[in-house]
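Presented below is the structure to which this report refers.
The values are calculated or read from the model by the stated rules, or taken from the named source; none is laboratory data. Fair warning: this is a prediction, and the values are worked out from it, not measured in the lab. A quick note on method: Cβ atoms are made from the backbone with ideal geometry, for glycine too, and the neighbour counts reach across all protein chains shown.
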Amino acid sequence: MPVEVTAGEIAEVLLNRPERRNALDAESLSHIAQAFTALGGDPEVRVIVLRGAQGHFCAGADLSEVAQADDMAARRDYFGGVAQVVRAMRGAHKPVIAEVEGYCLAGAMGLVAAADLAYASEDAVFGLPEVQIGLFPMVVMAPLARLIGMRGLTELALTGRRATAQEALGLGLLNAVAPKDALRGMVLERAGQLVALSPFVLALGKEALSEVGDVPFETALGYLQGMVAQVASSEDGKEGVRAFLEKRKPHFIGR
């Protein structure tokens with residue numbers, strides 16, 4: 001299978017085309033979108049980790065498939081698959097962590113930007129090389145433009161140059177960089193911290209974080225006022241306040 005899915009509290013979506021450096025063909029894109037939709041609706045899942053098989057995250061689009069698209073409609077359908085994955089990741093009601101090593105190029109950059117948290121190994125390589133072959137990273141600019149500064153995004157998109165993990169960290173694409181042999185432990189530690197929190201509050205928080213960047217300031221304030229009241233009125237919100245006052249760990253029930 002081009003994508004392997006493991007359910008559980010810490011679920012995993014594994015890009016599994018190592019012979020193509022986990023490049024994204026239409027089948028892979030469909031499976032990834034379906035996986036995030038299914039895991040997002042699974043009450044047993046608390047966190048979703050996205051990673052690649054055998055040393056690489058993802059080399060971007062499978063250009064052999066792009067070349068076979070014989071008209072604009074077919075090409076639109078293919079790149080629409082990338083958009084569907086981004087929507088599914090952002091719409092999953094669970095925190096999504098991207099675990100990146102090796103190549104993270106082109107469309108893969110959009111997947112990392114669509115994740116809620118992202119961690120990479122020191123040897124990871126990032127870039128938007130599309131312009132060098134007469135294309136441009138149109139679809140993935142939507143999540144990237146909302147995450148990293150426009151100046152940095154413009155340089156990467158216009159030049160196609162590759163960037164180091166430390167540069168990606170400086171741009172805001174990543175939360176942290178770790179030695180290659182420590183990356184998995186870092187990701188699982190962060191996932192474990194999220195598992196201990198209220199899934200209801202995390203879901204509302206993720207929704208709020210997604211919304212506030214796209215609305216005017218005063219609109220955001222009013223929206224967030226309503227959201228925090230909803231959180232504080234939930235069973236988990238009230239339990240968390242009680243536990244804090246009683247100096248004990250909260251027992252969250254997920255609503």
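Of all the listed residues (Leu29, Leu50, Leu105, Leu63), the sole one being closer than 28 Å to Asp123 by Cα, within 11 Å of the chain's Cα centre (by Cα) and not acidic (Asp, Glu) is Leu50.
Each row is one residue, and each column tells you yes or no for (1) exposed (fewer than 14 other Cβ atoms within 10 Å of the Cβ); (2) in contact with a strand residue (DSSP E or B) (Cβ under 9 Å, 6 or more places away or on another chain); (3) among the polar types (S, T, N, Q).
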position	(1), (2), (3)
Lys180	no, yes, no
Glu189	yes, no, no
Leu194	no, yes, no
Pro250	no, no, no
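Residue count for segment 148-164 satisfying the condition of being surrounded by 15 or more Cβ atoms within 10 Å (Cβ to Cβ), in a helix (DSSP H, G or I) and out of contact with any helix residue (DSSP H, G or I) (no Cβ under 9 Å at 6 or more places or on another chain): 1.
Considering each of Gly226, Gly185 in turn, give the residue that is of a type outside the set (A, V, I, L, M) and not assigned by TED's automatic domain parsing to the domain that holds Leu117. Working first, answer last.
Values: Gly185 fails: not assigned by TED's automatic domain parsing to the domain that holds Leu117.
Unique residue meeting the criteria: Gly226.
Against the condition part of a helix (DSSP H, G or I) and surrounded by 12 or more Cβ atoms within 10 Å (Cβ to Cβ), how does Leu202 come out, does it pass? Yes; evaluated as a whole, the condition is true for this residue.
In segment 33-50 there is no residue matching the filter, namely being modelled with pLDDT under 95, buried (at least 21 other Cβ atoms within 10 Å of the Cβ), assigned by TED's automatic domain parsing to the domain that holds Leu188 and charged (D, E, K, R).
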